[in-house]
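Every number here is computed from the coordinates shown, using simple stated rules; none is lab data. Every value quoted in this text rests on a predicted model; they were computed, and no experiment measured them. For neighbour counting, all protein chains shown are included, and Cβ atoms are generated from backbone atoms with ideal geometry for every residue, glycine included.
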Amino acid sequence: MNNGHGNGYHNHNGHMSNGYGGGTSNGYGNHAAAGHSNTNGHSAPAPTMTNGHAHMNGHGAAALVPGKNGLTLTRYAHPDMCFYCFDVLYSNLNNVEPPKPPGFTNDAFPLFVTWKIGKDHRLRGCMGTFNALSLHSGLREYAATSAFKDSRFPQITRDEFSKLHVSVSILCHFEEGANYLDWQVGVHGIRIEFHNERGSKRTATYLPEVAPEQGWNQTQTIDSLLRKGGYKGSVTPEVRASIKLTRYQSEKVSASYADYANRWQNGSIRSY
């Protein structure tokens, strides 16, 4: 369900679900323990750590948390988060004073920041973490990290700034899956843990929108995620059955440079 605004930025409050048998909620703070792999949307570089938490790259959308009457749709993501990311990137590209602390919530969540470019919205950088970070510092860090440290792409430049689009994905409602099929395409993002053909532990993730964008079913998504995580052997039913799967959901908000420029012209950017 897209509850977008008419000025070009969008709040994606996706599909609601009552969960699946065998899944147990265990929060989100423990899903990025030290040593987890740094992965991206299409390949798996070597594990790296920054500021004590692991980076991951992916693509993201829709947030649910437990409520008194079952699952309740939440609205943590706000367009100002996107404008703040543009402010952070502008400051980095132009070597000027960082933006002032924003006015939106500073609660702690796992998060991803995605930069795309051009009318066709080509991916330009996407990184995030499964650690629960305070949103002010987390978005400040990952707005820059996704722009400058995504190993799949060269660093974003000043010349590209006016062509950019940014999305912020706030991750929540993490649950352990009973098996590798214990999730729903278009509703859940998934993170898998597995051992490669040499016995080394690996992890990989896709945010909720990736599988439907690619037209994949559950098994195709799992097989792609194994390859993304560096598994080079034959993907057998036994390999799939050995996977430890965590499903999660997200709330995503997006804005274009045009939205940002319009907000800036109205005098509300960089001060909030």
Check: Which residue out of V96, V88, V113 is within 29 Å of E175 (Cβ to Cβ) and either among the aliphatic types (A, V, I, L, M) or crowded, with 20+ Cβ neighbours inside 10 Å (or both)?
Finding: V113
Check: For the range 67-80, does any single residue satisfy the condition of being part of a loop (DSSP other than H, G, I, E, B), buried (at least 22 other Cβ atoms within 10 Å of the Cβ) and in contact (Cβ under 8 Å) with a residue 40 or more places away in the chain?
Finding: yes
Next item on the list: Please specify each residue of the range 145-167 satisfying the condition of being within 11 Å of C126 (Cβ to Cβ) and of a type in the set (A, V, I, L, M).
Entry: A147, V166
Check: Of all residues in the range 188-206, how many are surrounded by 20 or more Cβ atoms within 10 Å (Cβ to Cβ) and either closer than 18 Å to S169 by Cα or without any contact (Cβ under 8 Å) to a residue 12 or more places away in the chain (or both)?
Finding: 7
Next item on the list: Considering only the range 219-230, state which residues are in contact (Cβ under 8 Å) with a residue 12 or more places away in the chain, of a type in the set (S, T, N, Q) and out of contact with any strand residue (DSSP E or B) (no Cβ under 9 Å at 6 or more places or on another chain).
Entry: T219
Checklist line | Only one of D120, D150, D182 that is within 30 Å of N95 (Cα to Cα), assigned to a loop (DSSP other than H, G, I, E, B) and in contact with a strand residue (DSSP E or B) (Cβ under 7 Å, 6 or more places away or on another chain) | finding: D150
Margin query: Based on this model, can you work out whether R152 counts as touching a Lys or Arg at 6+ places or on another chain (Cβ under 8 Å) and farther than 16 Å from C85 by Cβ?
Written below: no
